Ligand code: HH2
């Protein structure tokens, strides 16, 4: 049976991998495509992403690249809320990438329908904000905090530990009254993980998807550079191949910078790959 993601006013069918376009409102995102709070530029990127086939837009106002510091609340609100207001008129579901309950609340009021939290709603009050709305939510696993998370991350059993963590956060949401159909899980590629940890997790996406629909964000990340040998500016092709591989392994949503290339890659696999792309529907 086709899984549905309940996402505010939207019902998203998860019978193929959906493409989530990254719109960073930051001045300092690692991939260099942040718009620094410029609403016109964000609108332009959003139009391009939708025309290229994006199913959702993910708006972020705080970089979480390794080594980054947290952004003051007022500054994050200044970057994110006007962009959400402007993009909410476009008719596609908007996700907001934040760890702050105040930003979640303001973004939902401005028209967002998915909260994407790399901290899995651990800030006091965050679960309540989500529970009080009808938005979807993505809980992500991170070991440590962005400033230090890549300093020698350690696991005994990375897949088991990430799976247990995601199920625990999922249960917290269920207990707070958030329906299962609103919850996405994300192993958090690059968030407190070595290359070996990332690869092991990637190869077990089907197992993770048994706990709930999985969002995968690997586009242009260090692991893509390490495996492919490509510098940041040449990571579109390896990122697309990784996105297709994630789709084949059952990812429900692919969070990407390169929307047109990703959609093209998915179409090719769907038409020519063995078995096509059925996401997690089967
Ligand atoms: N990765 C980043 C940010 N948010 N959210 C989820 N759910 N999963 C991810 O893998 C993820 C995320 C980091 O990438 P990016 O937004 O491109 O960079 P920055 O944090 O520097 O803005």
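None of the figures in this text is laboratory data; all of them are computed from the coordinates on show. Keep in mind that what you see is a predicted model, and the values were worked out from it rather than measured. Methodologically, a virtual Cβ is constructed for each residue, glycine included, from the backbone with ideal geometry; neighbour enumeration extends over all protein chains shown.
Packing-based ranking of 103-111, 53-61 yields 53-61, 103-111, ordered from highest to lowest mean Cβ neighbour count within 10 Å. Between residue 90 and residue 41, the FRET efficiency estimated from the beta carbon spacing at R0 = 22 angstrom works out to 0.90.
Share of pairwise Cα-Cα distances greater than 27 Å in the chain is 32 percent (whole percent). Among 92, 244, 81, the largest mean-square fluctuation in a Gaussian network model of the chain (Cα springs under 10 Å) belongs to 92. Between the C-alpha center of region 41-105 and that of region 207-279 there is a gap of 21 Å. Largest GNM mean-square fluctuation among 22, 50, 253, using the chain with Cα springs under 10 Å: 50. Here region 2-88 yields Rg over Rh of 1.01, to two decimals, using C-alpha coordinates and the Kirkwood radius. Counting neighbouring Cβ atoms within 10 Å and putting the fewest first, the residues 267, 16 line up as 267, 16.
In region 53-204 the Cα-Cα distances spread across 10 Å bins starting at 0 as 11, 39, 36, 14, 1 percent of all pairs. Once the Cβ-Cβ distance of residue 180 and residue 241 is raised to the sixth power relative to R0 = 35 Å, the FRET efficiency obtained is 0.65.
Quick one: go through region 131-157 and flag any residue whose amide nitrogen is under 11 Å from the point 7 Å out along the Cα-to-Cβ line of residue 122. In region 131-157, the label zone of residue 122 (backbone N under 11 Å from the point 7 Å along Cα→Cβ) covers 140-146. Take the convex hull of the alpha carbons in region 175-240; its mean projected area over all directions comes to 5.5 nm². Using the beta-carbon distance between residue 206 and residue 172 and R0 = 30 Å, what value does 1/(1 + (r/R0)^6) give for FRET efficiency, to the nearest 0.05? About 0.80, to the nearest 0.05. Before rounding to the nearest 500, sum -39500 (n - 2.57) across all DSSP H runs of length at least 4 in the chain and divide by the residue total; then give [θ] at 222 nm in deg cm²/dmol. My calculation for the chain gives -12000 deg cm²/dmol from helical runs alone. Figure legend: label point modelled 7 angstrom from the Cα of residue 157 along Cα→Cβ; residues of region 167-197 with amide N under 20 Å from it are 167-171, 186-188, 193-194, 196-197. Treating each Cα of region 134-282 as an identical point scatterer and summing with the Debye formula, the log10 of I(q)/I(0) at q = 0.21 Å⁻¹ comes to -1.38.
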